[in-house]
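Trainee: Here it is, the structure in full.
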Amino acid sequence: MRGSVAPGTVVLVTGGARGIGAGLSRYLAAQGAAVVTADVVEPAGDAAGPDITHLQADVSDESSWRQLVAAVLDRHGHVDALVNNAAIYQGLGAKRPFTDITVEEWDRVMAVNTRGVWLGMRAVHPVMQAQGRGRVVNIASSTVHMGVPYFAHYTASKGAVIALTRSVAREVGRDGITVNAIAPGLVETDATRALNDPDYLAASAGRRAVPRPMEPGDLAPVVSFLCSEGSGFITGQTLIVDGGVTFS
Ligand SMILES: NC(=O)c1ccc[n+]([C@@H]2O[C@H](COP(=O)([O-])OP(=O)(O)OC[C@H]3O[C@@H](n4cnc5c(N)ncnc54)[C@H](O)[C@@H]3O)[C@@H](O)[C@H]2O)c1
């Protein structure tokens, strides 16, 4: 099917050891993709599977990316799609005023959430350029469109991901590479349950045009489409997947 990831597609998913990334990886693997997850932590429980290879990598680190791409090439010979999903999210702790965020916290969030995405695209680019094809999907956040307060470093880092997506898309289209972003709404994962109280989660679900909790499964088919052959004329876009809270 041209609108879903083709069997055998080699997809590298960062932050795939848990949460949304683990769900995406399982979905893509179930469609026949050869999935490689890269994370600073080991996969939890059912996140790993026979069609999923896990590698240790820190997306904020340039040399880590070199080793990661070399390892994927060694194993599979090509890299068809990169899903830049890793971010500091669960580790952010409680939301707080922008005046209370420290310079160290700001720099760490930017290093992982923004620099990590840029480094990832930079690391796979020579491979995708040589192949004459490639798909990049950057996971942003609808907090950018909503202007969510008390989350300034995170929203700024994700706004930069959307800007990077547009800028790089223009540079690589002629190489057969598309670069798109997905801006998810609040997805019910361990991370969101740790960061938000149940009333906030229920109120968020109620605000949606499709008024129900959002699950990782709501994102996975969209990622699959953006990694597929059928999405080849879509690039530089940010698809908001939030059940209809924010309209762009
Ligand atoms: N959960 C939500 O409601 C929500 C909403 C919008 C966007 N997002 C985005 O979706 C993505 C996944 O979110 P999640 O809810 O699964 O969060 P999470 O915190 O549960 O998972 C993030 C993953 O990234 C990994 N990671 C962190 N730093 C890393 C690094 N330096 N190198 C490699 N891996 C690293 C973590 O170990 C973890 O496995 C993130 O980009 C997040 O910003 C989440």
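Trainee: Can you tell me which residues in segment 85-117 are surrounded by fewer than 17 Cβ atoms within 10 Å (Cβ to Cβ) and either on the phi > 0 side of the Ramachandran plot or of a type in the set (F, W, Y) (or both)?
Mentor: Correct list: G93, F98, W106.
Trainee: What's the number of the only condition in (1) within 11 Å of the ligand (Cβ to nearest atom); (2) within 30 Å of T9 (Cβ to Cβ) that V109 fails to meet?
Mentor: All conditions pass for V109, except number (2).
Trainee: Specify which of the listed residues (L82, L73, L12, L68) is among the hydrophobic types (A, V, I, L, M, F, W, C), closer than 23 Å to P126 by Cα and surrounded by fewer than 17 Cβ atoms within 10 Å (Cβ to Cβ). Outline the logic, then answer.
Mentor: Values: L82 fails: surrounded by fewer than 17 Cβ atoms within 10 Å (Cβ to Cβ); L12 fails: surrounded by fewer than 17 Cβ atoms within 10 Å (Cβ to Cβ); L68 fails: surrounded by fewer than 17 Cβ atoms within 10 Å (Cβ to Cβ).
L73 is the lone residue from the list that is among the hydrophobic types (A, V, I, L, M, F, W, C), closer than 23 Å to P126 by Cα and surrounded by fewer than 17 Cβ atoms within 10 Å (Cβ to Cβ).
Trainee: Taking the conditions exactly as written (β-branched (V, I, T), over 18 Å from W106 (Cβ atoms) and at pLDDT below 95), does T189 satisfy them or not?
Mentor: On the way: β-branched (V, I, T): yes; over 18 Å from W106 (Cβ atoms): yes; at pLDDT below 95: yes.
For T189, the condition - β-branched (V, I, T), over 18 Å from W106 (Cβ atoms) and at pLDDT below 95 - is met.
Trainee: Which numbered condition trips up T114, out of (1) part of a loop (DSSP other than H, G, I, E, B); (2) within 15 Å of the ligand (Cβ to nearest atom)?
Mentor: T114 satisfies all of (1) part of a loop (DSSP other than H, G, I, E, B); (2) within 15 Å of the ligand (Cβ to nearest atom) except (1).
The values are calculated or read from the model by the stated rules, or taken from the named source; none is laboratory data. Predicted, not measured: the structure shown is a model, and the values here were computed from it. With ideal geometry, Cβ positions are generated from the backbone for all residues, glycine too; neighbour counts draw on all protein chains shown.
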